[in-house]
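Input: a single structure, listed below in C-alpha cells.
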Amino acid sequence: MAKKSEVKKVRVTQKRSGIGRQEGHRRTIRALGIKRHQQSVVHELTPAIEGMI
C-alpha cells in the first residue's frame, strides 16, 4: 500500500510593522492571514505560499 505523503507546513511570523511598506507588501501580509505585529500563522507549504514568503 502506498504511504500518504506528509504535508509540509510553515509558520510565518510578522517581525516588523506593515506601516510605511509598499501596498503590494501589505496586501501579501493580509493574504497570509496576518493581522497584527508579531502574529504567527501556520500554512501548508504550497507554491503560492512559497511565492508570498
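Values in this text are rule-based calculations from the coordinates and carry no lab data. In this text the structure is predicted, and so the values were computed from the model without any measurement. Virtual Cβ from ideal backbone geometry, glycine too; neighbours counted across all protein chains shown.
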Backbone HN-Hα couplings from phi across segment 12-20 [Karplus 6.51/-1.76/1.60, Hz, Gly and Pro as x]: 10, 10, 7, 9, 10, 5, x, 5, x
Describe numerically, in nm with one decimal, the distance between label points set 7 Å from Cα along Cα→Cβ at S5 and at E44. 1.1 nm
Could you compute the FRET efficiency for S17 and I53, with r as their C-beta to C-beta distance and R0 at 22 Å, rounded to 0.05? 0.75
For the chain, what is the calculated [θ] at 222 nm in deg cm²/dmol (nearest 500), taking -39500 (n - 2.57) for each run of four or more DSSP H residues and dividing by its residue count? -7500 deg cm²/dmol
In sequence order, calculated HN-Hα J values of segment 38-47 (Karplus, 6.51, -1.76, 1.60; Hz; x Gly/Pro): 6, 7, 10, 9, 10, 10, 5, 7, 10, x
Starting from the amide H of Q14, placed 1.01 Å from N in the peptide plane, find each other amide H under 5 Å away whose residue is 5 or more places distant or on another chain. Q38, Q39
